[in-house]
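To keep things clear, I will list the structure first and then write my remarks on it.
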Amino acid sequence: MKSKPIFLIMTDSVALPRGVRDSQVFWEETYIHKLKKHYSQYEVISVSIGGASIKDLRSQFKYYSCLRPKLVLIQCGIVDAFPRAFGKIELEIIKKARLLRFTKPFVAGLRKIRQHHYADPREFERCLKELNDVFQPKSFYSLSILPANKEYESKANGVTENINLYNAILSEHSLSIDLSNIPEEGIMPDHHHINSLGHSFIFSEIVKSIKH
């Protein structure tokens with residue numbers, strides 16, 4: 001029996017089932033589950049890492065490069081685009097020293113001043129290029145980072161500008177699927193995860209964009 005072509009999906013936690021406050025998403029409601037059913041002509045393989053920077057996804061490239069996927073879809077970026085007060089190592093040191101409660105009053109100000117990124121725009125771009133070079137798919141798609149509303153911007157000053165910058169990089173180096181019209185009620189109260197409505201919207205946008 002001839003094996004099916006591979007459709008590889010790599011994401012952060014946005015694609016995963018979860019429960020946040022009153023919004024719960026089951027596996028059957030996720031866009032990945034819907035894609036597995038819709039693209040039955042493919043072997044759909046998904047790799048999702050909660051809280052993943054694009055560098056975390058890059059660490060998985062060597063494990064999946066042998067798949068030689070025909071299609072690749074990536075969803076990531078908000079973890080990198082989000083302006084931060086501290087880097088990962090700094091944050092670990094603060095936690096181990098039990099200083100988190102002392103730094104909390106200064107986080108908003110430091111975030112605005114430092115604008116730290118887990119992967120800055122240049123590194124984000126390098127990882128995208130490396131992904132394409134490693135897998136060499138027939139088509140390389142990405143999902144744009146979800147838009148930030150006014151409340152999200154007020155909590156993380158500069159996040160809107162950063163999202164636009166990282167989305168521009170995604171558009172330059174992949175076939176970017178625009179999610180800017182996602183219904184606001186499809187986004188969870190944390191501003192970057194999605195409920196069942198959001199998953200349904202994303203699934204529809206993917207199907208409209210991928211004609212294979």
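The values are calculated or read from the model by the stated rules, or taken from the named source; none is laboratory data. None of these values were measured; they are calculated from a predicted model. No Cβ is skipped: glycine too gets one built from the backbone with ideal geometry, and neighbour counts run over all protein chains shown. Accessible surface areas use protein heavy atoms only, side chains included; no ligands, DNA or RNA. Shrake-Rupley method; radii C 1.70, N 1.55, O 1.52, S 1.80 Å.
Residues in segment 20-53 that are part of a strand (DSSP E or B) and either open to solvent by 60 Å² or more (accessible area, probe 1.4 Å) or more than 18 Å from Met188 (Cα to Cα) (or both): Gln24, Glu43, Val44, Ile45, Ser46, Val47, Ser48.
Evaluated against (1) in contact (Cβ under 8 Å) with a residue 40 or more places away in the chain; (2) open to solvent by 40 Å² or more (accessible area, probe 1.4 Å); (3) touching a Pro at 6+ places or on another chain (Cβ under 8 Å), Pro189 falls short on exactly one condition, (3). Pairs linking a residue in segment 27-43 that is at negative phi to a residue that is open to solvent by 50 Å² or more (accessible area, probe 1.4 Å) and part of a helix (DSSP H, G or I), with Cβ atoms under 8 Å and 6 or more positions apart or on different chains, are His33/Trp27. For Arg58, the conditions (1) under 17 Å from the mean Cα position of the chain (by Cα); (2) of a type outside the set (Gly, Ala, Ser); (3) surrounded by fewer than 18 Cβ atoms within 10 Å (Cβ to Cβ); (4) at pLDDT below 95 are fulfilled apart from (3). Checked against (1) within 30 Å of Ser40 (Cα to Cα); (2) at pLDDT 95 or above; (3) out of contact with any strand residue (DSSP E or B) (no Cβ under 6 Å at 6 or more places or on another chain), Leu170 passes all but condition (3). Out of all the residues in segment 193-202, is one or more within 27 Å of Cys127 (Cα to Cα) and open to solvent by 50 Å² or more (accessible area, probe 1.4 Å)? Within segment 193-202, none of the residues are within 27 Å of Cys127 (Cα to Cα) and open to solvent by 50 Å² or more (accessible area, probe 1.4 Å). Against the criterion of being touching a residue at least 12 places away in the same chain (Cβ under 8 Å), among the aliphatic types (A, V, I, L, M) and open to solvent by 30 Å² or more (accessible area, probe 1.4 Å), Leu146 does not qualify.
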